[in-house]
Amino acid sequence: MNWINNVVRPKIRSFLTTKREVPDNLWVKCPETGQMVFYKDLEANQFVVPGSDYHMRMGADARLQHLFDDGEYDRVAIPAVSQDPLKFRDGRRYTDRLRDARTATELEDAVLVGEGTLDGKDVVAAAQDFRFMGGSLGLAAGEAVIAGMRRAVEKNAPFILFAASGGARMQEGILSLMQMPRTTIAVQELREAGLPYIVVLTDPTTGGVTASYAMLGDIHIAEPGALICFAGPRVIQQTIREQLPEGFQRAEYLLEHGMIDMVVHRHKLRETLSRVCNLLMVRVAEPKTTGRHTGKKLNGKKPYVNGNAVEASLIETAPSTASDDAIEPEILGPDERFEATRGETPHEEEIENTSPSQSKDPQA
């Protein structure tokens, strides 16, 4: 019976029908222009629609592969957390939603952290995957971001974050909101170590992620057309009952109003990140000083010329004057001394009360 079910029946069915099964993701439709793009071509173009330049969403693994040299990186270990601390259940159990998201994305949670090299320099990067429950911030995602930042401190390397999230995860309640201050403390650890923290804002970056670590970077780079906000434009428009400007809360709008530093096309993003990391990781070597006096200090710092450290012996000092050559102050008489009232214009009343004979000089 197995042979009949597995071999004979499929053969007969193939003769009787001409319908072919086509994968759902074989062709992708551009949301902006409606253009149909072959999935393999879209993937080879870094998920940028060739005709309209529309930036589609990317998975976390694809993000890190396009960032690191040769697409190779090592995953950073993330501490284990409680899977369902509140035993939450709405239409479905929270554990069932996690299982389905892990099956679809092959990720443990919404944030993937990796370490590797970018143009030969060590870099630690984290990427949020919007496919995993909207990239929401929960216990596991918060631990991943913190572990990545602390790993960057250990390696003395810059930390790059690709943000894509719908906000905090409601299934974990207050525990998800507590990840906002925890990640903020990790950002402070990066700053105390003097390491650059670069944030790449992708579509969409909203909610509690925008209100915490996504807006605390040293440099904020956004992809074209990315939605970046705390509350969405539809919620704001329904609240204030006013029409919002065109392109409100999009990357170009925020760049024009000074919220982000630059908008970079995805094809130029890797070289831009490499250049920014090299600039921020430059260290100016200070000269070794011996002896007690090394030169005149400027505001408590060592002497510099155009930002470069110089030796104190190169700075010329004025020769000390001898006591014999000192200039004595000139002593003035009482009539030659300056008085505050001397030289002032007399008031109009004094001019009127003065007679012409009094104004003339008696010796004239």
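Placing R0 at 22 angstrom, the Cβ-Cβ distance between Gln83 and Ala62 gives a FRET efficiency of 0.25 after rounding to 0.05. The order of the peptides 237-249, 152-164 by mean Cβ neighbours within 10 Å, most packed first, is 152-164, 237-249. Accessible surface of Arg75, taken over heavy atoms with a 1.4 Å probe and every protein chain present, rounds to 140 Å². With a ≥ b ≥ c the root eigenvalues of the C-alpha gyration tensor of segment 29-107, is it rounded (a/c under 1.5), prolate (a/b larger than b/c) or oblate? It is oblate, given that a/c is not under 1.5 and a/b is not larger than b/c.
A cut-off under 14 angstrom between Cβ atoms defines the neighbours of Tyr213, and their net charge, with Lys, Arg +1 and Asp, Glu -1, is 0. Normalised by the number of residues in segment 58-174, the average gap of Cα pairs under 8 Å and 6 or more apart makes the relative contact order 31 percent. Between Asp69 and Glu189, the contour length at 0.36 nm per residue exceeds the alpha carbon distance by 40.5 nm. This model, with +1 at the C-beta of Lys and Arg and -1 at the C-beta of Asp and Glu, gives segment 38-177 a dipole about its Cα centre of some 660 debye. On the beta carbon distance between Thr117 and Asp90, with R0 = 30 Å, the FRET formula returns roughly 0.10.
Measuring between their Cα centroids, segment 52-89 and segment 112-158 lie 8 Å from each other. Projected onto their three principal axes, the Cα atoms of segment 44-157 cover extents of 46, 43, 17 Å, largest first. Skipping prolines and chain starts, which residues have an amide H placed within reach, meaning under 5 Å, of the one on Leu107, given they are 5 or more residues away or on another chain? So Leu107 has HN proximity to no qualifying residue. The modelled label-to-label distance for the pair Ser52/Asn156, using points 7 Å beyond Cα in the direction of Cβ, is 4.8 nm. Summing charges over neighbours of Ala157, with a neighbour being any other residue whose Cβ is under 11 Å away from its Cβ, gives 0 when K and R count +1 and D and E count -1. Subtracting the Cα-Cα distance of Thr33 and Val235 from their residue separation scaled by 0.36 nm leaves 70.2 nm.
The values are calculated or read from the model by the stated rules, or taken from the named source; none is laboratory data. Being a predicted model, the structure only gives us computed values, none of them experimental. Positions of Cβ are generated from backbone atoms using ideal geometry, with glycine treated the same way; all protein chains shown enter the neighbour counts. Accessible surface areas use protein heavy atoms only, side chains included; no ligands, DNA or RNA. Shrake-Rupley method; radii C 1.70, N 1.55, O 1.52, S 1.80 Å.
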